[in-house]
Each structure stands twice: as structure tokens, then as C-alpha cells.
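Undergrad: If you scroll down you'll find the structure; I have some questions about it.
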Amino acid sequence: MKHLLSAILISCICLSCTMQNQTSLLNYVDTRVGTSSSTMLTAGKFGKGSEEYGQTLPAVLEPNGMNFWTPQTRDTELKCITPYYYSDSLFQGFRNSHWIVGGCTQDYGSMTLFPTTNIKEYMPNHRATSFKHENEIATPAYYSVYLDQTRIKAEMTGRSRSAIFRFTYPADDTAYLIVNPNSDEGQGFIELDTIRKEIRGYNPIHRIYQGRGQAAGYSGHFVIKYTNEIESFGTYCNYTQYPGNTQISNSKGIGLYVAFKRRKKNEPIIVKAASSFVSIEGARQNLEAEIPHQNFDQTRKELTAIWEKQLGKINIKTQDKTNARKLYGAIYRASFLPRTVNDVDGKYPAFSTGTPIYQTAKGTNYYDDFSMWDTYRALHPLYVLLTPTKSGEMMQSLVDKYKQGGWLPIFPCWNSYTAAMIGDHCTAAIGDAYIKGVTNFDIETAYEGMRKNAFETPEKYEDYANGMGRRALQSYKKFGYIPLEDPVKEAFHKREQTARTLEYAFDDFVLAQVAKKLNKTADYDSLIARSYNYRNVIDPKTSYANGRYESGEFYEETKPNFFAFYITEGAPCHYTWYVPHDPYGLMKSMGGKDMYIARLDTLFEEKYYWHGNEPCHQVAYLYNYVGQPWKTQKYTRHIMDTEYGDMPGGLAGNDDAGQMSAWYIFSSLGFYPVCPGSPYYIIGCPVFDEASLNLEDGKTFTIKAAGASKENCYIQSATLNGKPYTKNYISHQDITNGGVLEFVMGSTPNENWGNKPEDCPPHLLPEL
């Protein structure tokens, strides 16, 4: 019996070490999660159509690389249509995509290549061939698929700006390759150079949101290299083929094909591709620098090593492989954006104009596609914590946009200004990085740009209409809120006055913290006073956020759980809680602590909580501020279990550039950055027996929660570096110092842990 017990013990120990000893963390990532309609608990409750999808890609990429190389099942760059859907059964090719992953936006500057055995049909929707998901391998470093009708095995791996493909055609069929620039505007160009064995072209980029349809001033240039001899070639336009033609341009539905000469039986054809936002020559240089050889397996090995390092920033011990897959899948999805824009030589197109061409500092990258209304909440704080050097480069990229365009952007995408969504959250992201000790960017110039956004409006109307400056700033400054009489017409999201007020109050708080650290006392005083403006839109009659007129009267709203025109993508019951910098003040505005708790309880008990959209992301953590952390533990665990899965429908809504996934990463570790711009994380419910953060400076911070499970979700006690720990929050410095935070977990709430006022998160605003 003694020996039997020993054997069982050894077996359990080995199981708990599974994740640490796993030879490849890539085995825990299925890149197709989020590519199907959501099957999670609240699917379809608050949003339909694209809102029911994660809008992610099964891409091959480097973390924050330039290109997302993805299989394609939909042929368009139109807004809200992602290149790949799990429900589709027809393969159209491999796309060099710049899709803003996880959102309802657009692709841009892309091209697609397609291996086939005939060219009777060459338009993407007609040439598409069937495939089965069981014949896919989808990881961040390698993708392969078997195409049923043409009997082709197609494989893909790559690097940041380049990719290499291995196509194994049936020996008895002609090996064709079709390439098309994906210009919905009919402005693309493509040509064949038989001497250089090169297909090259470009796809001009156009803006959406502000300046919709206008040229962005630059293009997605591409180069495709082959080594096999070709026996025929041609171009096409829509449904007309031009055999022997080597170039075609400026029409919709254009493309080019080549037929490779016969090969030995089962001899694969190797094709390489690269892109550039600067020039075709830049694409050539990118390809030569990243994949100078023809060795597919070597590139796959290189990219695999990059991803093992990326995933290995967090090592876990767990017996729950589902949660392991959810974590590492989330790390993958949190590694797309912002993307690298510069070529290997550092060149990139100027922000907002495309010209001139700028040059990055040696060894650094310039980034774009900041889906900032989403990502400042958790994705950028995750970069600050795990990759502070890269975070600093991202912040410097925002500074560079300010210097080149004259205004710090609000929501910079397509290397252009937009006034998409609301708030001024480049300020929030920069401020959070600086407050937490990221220093490798120009903070003085950053502050200049942030301050300009907070206090000034463009003199030229065309600049304002083009997306420069805060929306409705003059109303906000005059009234201390944005009244319902201001329609905010020069924005993509019009009206939404109350939500804008709440978000500007938070942004003012963050900027005040930066001003304080930089000894800009007058600015601090002004901004900290404005950070209380949230109080102006909390209706004392209802205790909910409400619309307000210039007269001071509130809108007669009787249904706080229904969407409202003065709220962004949600209802008052969602947005009322958007006061991350002052939950204690919010309690007073709502009528006191008891009302605050009652409203929180109602949100969860009546199932009004909506995890599929960002304004709710901090809400479950707010119980810590009233000394009821066991409720935070209960609800965060519930959200992780019911709104995240490891299957194609495993996201509750749009992943929104990685924010949804970043929420899971933080929450599964057991803490969350409720208020970016402050140095604190709020403790929730750790999921893993053990999780270690391998920090950039070589230190390790480990969270232990032996026996953590769906049932054992309540913290009984805790120690930090061996000493009793009763605070229901932890500081950034505690984590970056390295050490061990250990929890004892149980199946029933311990209402005596973390419940005292001194255990609750600090007050961040001075008392008025």
C-alpha cells in the first residue's frame, strides 16, 4: 500500500510539471480559435453579425511583425470581413495580410497567391478548392493544408516581412501559381520578370473612418521569388485571360499566373514572398535579409524558436490542458498588434501623408495599427510588464507620429489619423508606460503632444475633421461634460457624449500623473480637477451614468440595461463603472458604498455583464474596492470559464487587437491592471497551480495557487516572498522586483481575507 501511494504521488507530481517540461509550447496553440461564431455563454446577447466572431486569423507571423500570412477563404479587403472563417470550406489562397486582427476594420495593402493545377477558373471565388479542417495544421510558426480537388499539399512558414511556401503538386498535373493584388478600388499593379524569376506589384492603401476612401499616400509592395523554370504565363482581368502578357494594372479583379515546368515525382516547388510599405526594392531587401535561402525547414525552425521564446515568457504548471491552451492561445493573439511598419533597413512611410520616407533609429522598429480604445486597457500594460523595451519603441512610434503629423493621434491605423471610437487613449498608453518605468522614448515630446490634445483644438477645421485632436473638447472644457446638444458630428462614432466624458476624465487623470512626475505643477492641478468630471454624468436619481443637457438636466432614461445613444457600444449599466481612477469617488456619486455594491450585484446576478466589449473589462475587479474580493474571485473565474474556450468559437466577441486575450492572460495569472497610469494591479482568481513570469531583465515573478480549480476559486490566504499578504492588490514594483506570490485556495469564500480598508487598493485622487 505504501508503494502504491508513493506511485500515485509521483504520478501527480509529474502531471503538475507537464507544462514546464513540454518540448514545444506551440503544441498548445491552435491559431483558429476565434475564427468561428462564438459558442460562449453570452454569444449573441449584446451583439450580432461580426460582433459574434473573434475576427482573428490562423496566421504565421513574428510577434508584432509586419505581415500576417494567413490562409484565405474570403476575397475582399472590405471593412469587417476577415480573410478566414472556420465555417468556410473553400480555400482561395495564402494572403499577405495586414488585417487589424480581432476587430471590425479592414485589410489593406495585401496580395494573395494560390497554388493550383488548372487555370480554367482564376478569380478567387471561382478557383477556390475544398479542404477539411482535419487536414490543416495551424500554429503561429507553420501552417499546412491538403487541397482536396487539386491534391496539393500547401505549406507556409515565414518571418516578419517575408514568407516561404512549399507546394507539393501531383506529378501528373501542371503546377500553376496564381497571384493577385487585392485592390477593391481597382488600383493595383502586377508584373512578371522572367529574367529575375520574380513576380512583383503593389496594392495602394486607402483610409476608412476619417478620410474614408482617400489614398493613404503609400502602398503594400510585394515581391515573389521562384527558382523553377516556367513554361507559360499570363495575366487576367475579371473573366478575361491574356496568355503571354507580363503585366496588368488599374482594374478590379486583376492577377497573374505562371505554369512551372514538370518536376520529378513528389518534388515540391519552393516559392518565397515579401512585402514592404516603402517600395518593391524594399520588399526585395526584406526577403534577402530574412530568408536568403531556399530551405523551408530552416525558416520554420527559426520562427519556431521565436515563438517558443515568446510563449515561454510565461511558464505554467497545471493539470488542466484546456486552460493551458487558452493561455498560450491568448499569448499568440496578444502578439499581433501594433505591427512593425519599417523595412529591415529602418525605412517607413511618413505618418498621415506617406511621404517623405523616414528612418528608424538603429536596432529599433516603428509600429502602427494601435487599436487604442481597446488595447490601452490590458494589451499595452502586458507589453509594459513583459517586454518593456518593445513597449518603449511602441510609445516612441506614437511620439514620431506626433512629430510628423502635428497632433498625437487618437486611434492611429493605416499609418493615418482616425477619429474612430472615443477617448484619447494614446495618452493613457504612454502615461502608463512612463509611470511604470519605461524610459526608452522621448517623454518630453510625448508630453508636449499629450498636453496639446488635452488643451487645444486644431485651428483649421479640415485638420479637425481629418481626425486631429480630441472630439468635442470645447464642450468638455466649457461644461465639464459633453452635453447632449453637441452631436460630435466630426467623428466616426457620433454623439456618445456621456461615454466620451467618462473616458476624457480618465485620460486627464493619467496625464496628470505624468505632469506630476515631470514637475509640471500647474498642468497637474488643472488636469486632476478635470479628472473629477465623471461626476457630472452620474445621475443621482438612478445612480447610473446618464446623458445631460447644457441646462444641467439629465436625460429621462428609465432602462439602464438597454443600449443608449449617449453611450458607446453598450448600456448605462456597463459604462457607469468606467471610472477606473476613482472607484471610491464613484461610490459617493452613486449614493454610497451600499448602492455601489447593489448595482454591481445586479449587473452580475441579472446577467447584464457583457464581456465581449471592453468597457466591462475592469468591472468584475471592482469588488476589491469595497472589501469583497471573494466576489471578484467568483466572477473573474466564471468569466474565464464561460467566455473563453480552446475551440474555433472560443471567444465571446471580437478579440479587438488582442485586448480580449490580454484580459485572459492577466486574469488567469490572478491580477489585472484596472487603472492604467497607476502602478497597481487588482488581485482576482489565479487559474494555474504555478505560473512564472520571465521578465526582460532576467528576474522571475512566480504566482503559486496549488489546487486552483473551477471549484477552488476562492483565496483563503496569501504570502508574498514568504510573508503574510492581506492586500487585495499588488504593485508593479512588487512584480518587477521578482519573487513569489503564493495563494492558498479553497472552495468557499474567505470573507476575512483582503476585506479591511487598509487591504483595499489605494485612493488615487486627492479628496476634494
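Undergrad: Taking the condition of being over 30 Å from TYR447 (Cα atoms) and either surrounded by 24 or more Cβ atoms within 10 Å (Cβ to Cβ) or without any contact (Cβ under 8 Å) to a residue 60 or more places away in the chain (or both), how many residues in the stretch 670-690 meet it?
TA: 7
Undergrad: Sticking with this structure for a sec: List the strands (runs of 3 or more DSSP E) that sit entirely inside the stretch 232-329 and contain at least 1 residues that are without any contact (Cβ under 8 Å) to a residue 60 or more places away in the chain.
TA: 240-243, 247-249
Undergrad: Go through the stretch 442-454 and give me each residue that's among the charged types (D, E, K, R) and either assigned to a loop (DSSP other than H, G, I, E, B) or surrounded by 14 or more Cβ atoms within 10 Å (Cβ to Cβ) (or both).
TA: Scanning the stretch 442-454 gives ASP442, GLU448, ARG451, LYS452.
Undergrad: Exactly one of (1) assigned to a loop (DSSP other than H, G, I, E, B); (2) assigned by TED's automatic domain parsing to the domain that holds ALA283; (3) out of contact with any His (no Cβ under 8 Å at 6 or more places or on another chain) is unmet by THR31. Its number?
TA: That leaves (2) as the condition not met.
Undergrad: A further question follows. Every residue in the stretch 144-193 that is of a type in the set (S, T, N, Q), assigned to a loop (DSSP other than H, G, I, E, B) and touching a residue at least 60 places away in the same chain (Cβ under 8 Å), please.
TA: Result: SER160, THR174, ASN182, SER183, GLN187.
Residues are listed down the side, and each one gets a yes or a no for (1) more than 20 Å from PRO583 (Cα to Cα); (2) among the charged types (D, E, K, R):
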site	(1), (2)
TRP630	no, no
TYR635	no, no
MET640	yes, no
GLU643	yes, yes
ASP656	yes, yes
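Undergrad: Follow-up question, since we're still on this one. With TYR218, TYR202 as the choices, which residue is among the hydroxyl-bearing types (Ser, Thr, Tyr), more than 14 Å from MET111 (Cα to Cα), buried (at least 24 other Cβ atoms within 10 Å of the Cβ) and assigned by TED's automatic domain parsing to the domain that holds PHE167?
TA: From the options TYR218, TYR202, the qualifying one is TYR218.
Undergrad: Sticking with this one: Using the structure shown, decide if SER352 is farther than 23 Å from GLY158 by Cα, outside the structural domain of THR418 (by TED's automatic domain parsing) and surrounded by fewer than 18 Cβ atoms within 10 Å (Cβ to Cβ).
TA: Answer is no for this residue.
Undergrad: Mind checking whether some residue in the stretch 91-101 is surrounded by fewer than 24 Cβ atoms within 10 Å (Cβ to Cβ), in contact (Cβ under 8 Å) with a residue 60 or more places away in the chain and touching an Asp or Glu at 6+ places or on another chain (Cβ under 9 Å)?
TA: No, there is no match, as no residue in the stretch 91-101 is surrounded by fewer than 24 Cβ atoms within 10 Å (Cβ to Cβ), in contact (Cβ under 8 Å) with a residue 60 or more places away in the chain and touching an Asp or Glu at 6+ places or on another chain (Cβ under 9 Å).
Undergrad: A further question on this structure: Evaluate the following for ILE482: is it β-branched (Val, Ile, Thr) and part of a loop (DSSP other than H, G, I, E, B)?
TA: When the stated conditions are applied, ILE482 passes them.
Undergrad: Something else: Kindly list the number of the only condition in (1) surrounded by fewer than 21 Cβ atoms within 10 Å (Cβ to Cβ); (2) within 25 Å of the chain's Cα centre (by Cα) that fails for ALA598.
TA: Among (1) surrounded by fewer than 21 Cβ atoms within 10 Å (Cβ to Cβ); (2) within 25 Å of the chain's Cα centre (by Cα), the lone unmet condition for ALA598 is (2).
Undergrad: Quick check on the stretch 523-572: of everything there that is of a type in the set (Gly, Ala, Ser) and part of a loop (DSSP other than H, G, I, E, B), which residue is surrounded by the fewest Cβ atoms within 10 Å (Cβ to Cβ)?
TA: Filtering the stretch 523-572 for residues that are of a type in the set (Gly, Ala, Ser) and part of a loop (DSSP other than H, G, I, E, B), the one surrounded by the fewest Cβ atoms within 10 Å (Cβ to Cβ) comes out as SER551.
Undergrad: State which residue is surrounded by the most Cβ atoms within 10 Å (Cβ to Cβ) when the search covers only the stretch 54-80 and only residues that are modelled with pLDDT under 95 and outside the structural domain of GLN92 (by TED's automatic domain parsing).
TA: GLY54
Undergrad: Go through the stretch 447-477 and give me each residue that's within 17 Å of GLN396 (Cα to Cα) and in contact (Cβ under 8 Å) with a residue 60 or more places away in the chain.
TA: The answer is TYR447, MET450, ARG451.
Undergrad: Where in the stretch 677-766 are the strands (runs of 3 or more DSSP E), entirely inside, with at least 1 residues that are under 25 Å from the mean Cα position of the chain (by Cα)?
TA: 680-683, 690-694, 700-704, 729-731
Undergrad: Ok, one more. Considering each of THR457, THR439 in turn, give the residue that is in the same structural domain as VAL399 (by TED's automatic domain parsing), assigned to a loop (DSSP other than H, G, I, E, B), crowded, with 17+ Cβ neighbours inside 10 Å and of a type in the set (Ser, Thr, Tyr).
TA: Matching residue, one of THR457, THR439: THR457.
Undergrad: Taking the stretch 565-600 as the region of interest, how many residues are under 26 Å from ASP655 (Cα atoms) and not polar (S, T, N, Q)?
TA: Of the residues in the stretch 565-600, 16 are under 26 Å from ASP655 (Cα atoms) and not polar (S, T, N, Q).
Undergrad: Say whether the condition of being buried (at least 24 other Cβ atoms within 10 Å of the Cβ), modelled with pLDDT of 95 or more and farther than 19 Å from TRP69 by Cβ is met by at least one residue in the stretch 297-312.
TA: No, that holds for no residue.
The values are calculated or read from the model by the stated rules, or taken from the named source; none is laboratory data. This structure is a prediction, so every number in the text was calculated from the model and none was measured. Glycine gets a Cβ as well: all are built from the backbone with ideal geometry, and neighbour counts include every protein chain shown.
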